[in-house]
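The structure appears below as structure tokens.
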Amino acid sequence: MSFDEITRKTYCPFAKPSQMGPGITIATADIEKELTGHREVIADFFRTADERARDGMIVTFEDPSLGATLDALVNLTRRFYATLTDLFPSVYIPDDPQPDQRWYAMIEGELFFVVSFAPCYPDTSPRHTYGDQRTYFLLQPASTFERHAKAIDRQRVGINRAFAAVGRPYDARLANVENDMFKAVMPIAPIDRHIPWWSPEGAHGDAAEK
């Protein structure tokens with residue numbers, strides 16, 4: 001299994017034709033050290049994403065423990081963003097984020113957000129990895145949505161219905177929250193519950209991960 005195969009199995013019509021930039025692989029649990037070594041690759045991707053019409057880049061975490069449970073994924077997400085704040089001054093994590101506040105991280109002038117796929121997600125989740133024990137972060141620049149805005153708006157309801165029809169629903173209200181921090185980690189159950197990954201408590205108490 002690979003992220004390309006996960007993409008082929010998705011019901012999102014925009015995933016299959018996406019034009020991806022070069023990905024990076026984090027081989028160990030020392031994500032802070034390894035991410036630092038990939039700083040220039042990440043910077044170059046965001047510097048040129050709009051010009052090259054790139055829709056995203058994949059960060060692959062090979063250590064299976066990093067996404068084995070929802071709590072582990074929350075911890076990975078917090079560590080990932082915290083490392084980016086050290087590497088790029090334009091990335092910041094608010095102390096008290098609110099769902100109606102507009103927030104995106106930004107690198108090299110490009111706003112972006114993160115979509116995670118991890119082994120902790122069951123086959124009822126759109127973030128399911130089909131038995132792959134690796135965790136994937138899809139970094140999506142805002143410019144891709146600006147290019148595809150009309151098509152996305154036109155197909156938004158249909159995409160939601162397609163996922164629900166195969167038993168992998170997501171909560172459209174949560175997906176449309178203004179503040180992207182609230183969407184970085186998808187909940188398992190209930191699906192309308194946002195995951196405060198920026199808090200030390202994180203996903204603590206989410207029974208669906210067990």
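The values are calculated or read from the model by the stated rules, or taken from the named source; none is laboratory data. Everything quoted here is computed from the prediction, not taken from an experiment. Backbone-built Cβ (ideal geometry, glycine too); neighbour counts: all protein chains shown. For accessibility, only protein heavy atoms count, side chains too; no ligands or nucleic acids. Shrake-Rupley method; radii C 1.70, N 1.55, O 1.52, S 1.80 Å.
Computed quantities for the displayed model
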{"item": "For ARG193, residues with placed amide H under 5 Å, excluding near neighbours", "result": "none"}
{"item": "Highest-first arrangement of 137-144, 20-27, where packing means the average Cβ count within 10 Å", "result": "137-144, 20-27"}
{"item": "Per residue accessible area in Å² of segment 76-133, where ligands, DNA and RNA are left out and the probe is 1.4 Å", "result": "44 Å²"}
{"item": "Heavy atoms of THR60 accessible to a 1.4 Å probe, total area in Å² rounded to 10", "result": "20 Å²"}
{"item": "Segment 60-111 - convex hull of the alpha-carbon atoms, volume per residue in Å³", "result": "107 Å³"}
{"item": "Per-residue SASA entry for GLU178, accessible area with 1.4 Å probe, Å² rounded to 10", "result": "90 Å²"}
{"item": "Mean Cα-pair separation over length for segment 85-136, i.e. relative contact order, pairs under 8 Å, 6 or more apart, %", "result": "23 percent"}
{"item": "Label-to-label distance, nm, for residues given as ARG39 and THR85 (7 Å Cα→Cβ offset)", "result": "1.7 nm"}
{"item": "Trypsin sites (Lys or Arg not before Pro) within segment 26-103, DSSP loop, no more than 15 other Cβ atoms inside 10 Å", "result": "ARG52, ARG102"}
